[in-house]
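Accompanying notes for the structure given below.
Every read-out reported here was derived from the displayed coordinates using simple, explicitly stated rules and does not represent laboratory data. As the structure is a computational prediction, the values presented were derived from the model and not from experiment. Reconstructed Cβ throughout: ideal geometry from the backbone, glycine too, with neighbour counts over all protein chains shown.
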Amino acid sequence: MKVLVTDGHFRKTLAVVRSLGQKGVHVTVGERTFLNTSFFSKYCSRHLIYPSVRRYPDQFIEFLLGEIKRNPIDCLFPMEEETLLLVAKYQSEISKHTYLLIPDLAKIEFVRDKGNLIQFAESHGIPVPRTYRFSSGEFPQEEGSDGYVIKPRISSGSFGIVYVKKKEDLESSYQNVHQRYPFPLIQDYIPDGGGTYGFSALFDESSNVRAAFVHKKLRMYPVQGGPSTLREGVEHSHIMELGLSLLKALNWVGIAMVEFKVDPRDGIPKLMEINPRFWGSLHLAIYSGVDFPYLILKMAKGEKFDPVLQYPVGRRSRWLLFGDVLHFIGNPRRFRLQPSFFRFFDPETCDDMISKDDPLPVLGAMTTFFTFLYDPEMKRFLERR
């Protein structure tokens, strides 16, 4: 079997490369530069340098189509959001030459817009934080008991999110966000204490669930809320039920990760967002026996398998370099973390990148880090977010 995996910079890409490479799959990894994490993996069978998705989208698609025609592959894995959106735009043409399990472009764009998503979720009985809908100049009149969150309608991670404690600061903060992210949402802030969870799932072309997994974020960066730097596989039937209900209502196809935050005031999980792509903590699901990339490859081969809905709980994965290091630096309670930051040899915890079996991606991650710092394209990309 042969696959092509895009966006070699990222941890989630490395997780796919290792998962499939360890099973004897020929893995081609693509990126716009040789300096990236996944090219350094021993499970990367072939390197592919392609035009930048962000700067040269037409050339990228032309290159991709030419590549999969000349060198047939069994499955394409678009990993980053910009790549996914572009591939989805040309899905009908690409699917003539390889297996591509993704939603259509309209559905991806629909769930990326948090305003659309919140309205859809509410109409289907999915709990959401209190969300204020207002025309220009109208703001919540009552004082929020725990403050507010201003969120861009379209963004990823923690980019653009602003926390506001006092109502009198809300309008100025809103206008600041509005300048970069037009008409953001205002929601009541859900206090910490209940936990933040990710529900990830895989659906076939008929929107039947083929696999599902729930993890809890134990540490994040930024500390107040962002990608997890340490997380744990858990059993949470309510979140499993809510996540499945929402994605089924959307007639979802392919993979997605739905994030919930449990409100400690009432114990109810509230919807935060949907990631319509592979997520940063993918390695934990694979480590816990829910191997989403391999299951997609099975579907590409037409293999039948029972839905994977059960898995061992309590396994953890950690993004030590550089996520958990940054969490440690940014958390004033750094020496009182539970589990301790210095717990490096827990037999139930694996690392997203560090591996005795495949050590060189750490070097690739360091080159990626400096690429992000000094590459003008990456600077513009981060500034837009």
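Taking amide hydrogens as modeled 1.01 Å from N in the peptide plane, which residues meet the under 5 Å criterion relative to residue 270, leaving out close sequence neighbours?
Counting only residues 5 or more places away or on other chains, the set is 261, 262, 263.
At q = 0.13 Å⁻¹, what base-10 log of I(q)/I(0) does the Debye formula yield for the chain when every alpha carbon is treated as an equal point scatterer in vacuo?
Each listed q corresponds, in turn, to -1.15.
Do the alpha carbons of any pairs in 270/356; 165/216; 23/96; 42/89 sit beyond 30 Å of each other, and which pairs?
Working: 270/356 39 Å; 165/216 26 Å; 23/96 26 Å; 42/89 32 Å.
Listed pairs above 30 Å: 270/356; 42/89.
How large is ³J(HN,Hα) for each residue in segment 167-173, as worked out from phi by the Karplus curve 6.51 cos²θ - 1.76 cosθ + 1.60 (θ = phi - 60°), to whole Hz, x for Gly and Pro?
After applying 6.51 cos²θ - 1.76 cosθ + 1.60, I find 4, 5, 8, 5, 5, 5, 5 Hz.
Quick one: 3J(HN,Hα) in Hz for segment 241-248, Karplus 6.51/-1.76/1.60 with θ = phi - 60°, rounded, Gly and Pro as x.
Working through the residues one at a time gives 5, 5, x, 5, 4, 5, 5, 5 Hz.
I'd like the antiparallel share, as a percent to the nearest 5, of DSSP beta bridges with both residues in the chain. Please list the in-between numbers first.
On the way: 40 of 56 bridges.
That works out to approximately 70 percent antiparallel.
Taking springs between alpha-carbon atoms closer than 10 angstrom, which of 304, 69, 248 fluctuates most in the Gaussian network model of the chain?
304
Which order results if 60, 322 are arranged by neighbouring Cβ count within 10 Å, fewest first?
Working: 60 23, 322 15.
So the residues, fewest neighbours to most, are 322, 60.
Considering only 51, 26, 87, whose Cα is most displaced toward the positive end of the charge dipole of the chain, charges sitting on Cβ of Lys, Arg (+1) and Asp, Glu (-1)?
26
Can you sort 318, 343 by how many other beta carbons sit within 10 Å, fewest first? Don't jump to the answer; show the numbers that get you there.
Working: 318 27, 343 13.
Arranged by neighbour count, lowest to highest, 318, 343 become 343, 318.
What's the FRET efficiency of residue 45 with residue 206 using the Cβ-Cβ distance as r and R₀ = 22 Å, to the nearest 0.05? Present the calculation step by step, with values, prior to reporting the outcome.
Working: r = 32 Å, r/R0 = 1.46.
Calculated value: 0.10.
Evaluate E = 1/(1 + (r/R0)^6) for residue 348 and residue 34, where r is the Cβ-Cβ distance and R0 equals 45 Å; express this FRET efficiency to the nearest 0.05.
On the way: r = 35 Å, r/R0 = 0.79.
In this case the efficiency is close to 0.80.
Looking at segment 2-100 from every direction and averaging, what is the projected area of its Cα convex hull in nm²? Don't jump to the answer; show the numbers that get you there.
Values: hull surface 21.7 nm².
The directionally averaged projection comes out at 5.4 nm².
Where in segment 60-94 is the amide nitrogen less than 16 Å from a point lying 7 Å along the Cα-to-Cβ axis of residue 106?
From segment 60-94, the list is 88-92.
So how far, in whole Å, is the C-alpha centre of segment 176-254 from the one of segment 12-65?
After rounding, the separation between the Cα centres reads 26 Å.
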